[in-house]
Amino acid sequence: MTSIDVQDLTKEYGTTRAVDALTFSVRPGRVTGFLGPNGAGKSTTMRLVLGLDRPTSGSATVGGRPYASLKDPLRHVGALLDAQAPHGSRTARDHLRVLAATNRLPERRVEEVLDETGLASVADKRIKAFSLGMRQRLGIAAALLGDPEVVMLDEPSNGLDPEGIIWIRELLRRLAVEGRTVLVSSHLMNETATFADHLVVLGRGRLLADTSMRDFIAAHSRPRVRVRTADPERLRGLLGDRGYALGEAHDGRWTVDGAQAAEIGALAATVGIPVLELADEHASLEQAYLALTADETQFAAAAPLSRQEA
């Protein structure tokens, strides 16, 4: 089984501890979202896994081995960390040809990944003329070049247009279905929610969560019910007697925090209050993430001053 295994991983730069005793695993067959505020240690951790930095202590392995010890590493691990890295004077095709030649990959793979990433029509253009989205596609093409078992992508949706975002979402899901190990770092919570099965969340270099998407949202949000009734005052009195409170009405709909739809429906039915709409509301990944990381954000903007304060 090919997995990414991080064990007691620590990285210090002088007096700064960028990664602090991290332990987690990224398993095959699912997309793992790698989340955390700026400065949380995500990029440093990915660099340590790829052997681009040396840990102060602990280990990071791929398939039980350090990345540096892998023979023909591009066949085992494909990674995108910086879309600006390719030399701007090369064409996209030549950039991929160099990677294929130095990793002993068949040249047919160059054409295959150009087609897969939608770059075939611009393959002979110089990279310096590429938009950010096109550079992202080229970086993903390079990551896929060796048909690797492990794929690591840092902010792959950055600069992509709506069609590109849908494409990368479908690509990630397909890679997981094929049994590959997929780790994706992102700041886009709503986008991560569309493709991730599992989450690893960091804050100030420490592990905050290592759990499924569903369990993460459930653990960091309270249940809430949306209800619409023709007799809100009666419903308010009933819920007040049972320790619940109706939230502010919007478009004729009320919210009840700390409750589930089955409870509210059963209560209303006992006294014959007509219910026109009743549904459980689930927190978004963004809401759950912010609830967890509120105290872990290194760079936070101050609240804007009012006109009178200014």
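Residue selection: residue 109 fails the criterion of being in the same structural domain as residue 80 (by TED's automatic domain parsing), more than 22 Å from the chain's Cα centre (by Cα), part of a loop (DSSP other than H, G, I, E, B) and touching a residue at least 24 places away in the same chain (Cβ under 8 Å).
Condition check ((1) at pLDDT below 95; (2) β-branched (Val, Ile, Thr); (3) under 19 Å from the mean Cα position of the chain (by Cα)) across all residues:
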{"site": "21", "(1), (2), (3)": "no, no, no"}
{"site": "26", "(1), (2), (3)": "no, yes, yes"}
{"site": "33", "(1), (2), (3)": "no, no, yes"}
{"site": "36", "(1), (2), (3)": "yes, no, yes"}
{"site": "39", "(1), (2), (3)": "yes, no, yes"}
{"site": "47", "(1), (2), (3)": "no, no, yes"}
{"site": "55", "(1), (2), (3)": "no, no, no"}
{"site": "59", "(1), (2), (3)": "no, no, no"}
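Somewhere in the range 195-214, is a residue under 16 Å from residue 284 (Cα atoms), out of contact with any strand residue (DSSP E or B) (no Cβ under 9 Å at 6 or more places or on another chain) and without any contact (Cβ under 8 Å) to a residue 12 or more places away in the chain? Yes, because at least one residue in the range 195-214 is under 16 Å from residue 284 (Cα atoms), out of contact with any strand residue (DSSP E or B) (no Cβ under 9 Å at 6 or more places or on another chain) and without any contact (Cβ under 8 Å) to a residue 12 or more places away in the chain. Restricting to the range 58-100, name every residue that is more than 19 Å from residue 129 (Cα to Cα) and of a type in the set (Gly, Ala, Ser). Scanning the range 58-100 gives 58, 59, 60, 63, 64, 68, 69, 78, 79, 100.
Okay, residues lined up against (1) modelled with pLDDT under 95; (2) assigned to a helix (DSSP H, G or I); (3) under 18 Å from the mean Cα position of the chain (by Cα):
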site	(1), (2), (3)
115	no, yes, no
140	no, yes, yes
163	yes, yes, no
175	no, yes, yes
183	no, no, yes
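Can you name the residue in the range 216-235 that is part of a helix (DSSP H, G or I) and surrounded by 17 or more Cβ atoms within 10 Å (Cβ to Cβ) and is also farthest from the chain's Cα centre (by Cα) among such residues? If we take residues in the range 216-235 being part of a helix (DSSP H, G or I) and surrounded by 17 or more Cβ atoms within 10 Å (Cβ to Cβ), then 235 is farthest from the chain's Cα centre (by Cα). Of everything in the range 258-296 that's touching a Ser or Thr at 6+ places or on another chain (Cβ under 7 Å) and of a type in the set (Val, Ile, Thr), which residue is farthest from residue 199 (Cα to Cα)? Ranking the candidates gives 273 first.
The values are calculated or read from the model by the stated rules, or taken from the named source; none is laboratory data. Note that the structure is predicted; figures quoted are calculated from it, not measured. Because the Cβ atoms are built from the backbone with ideal geometry, glycine has one as well, and the counts that use them run over all protein chains shown.
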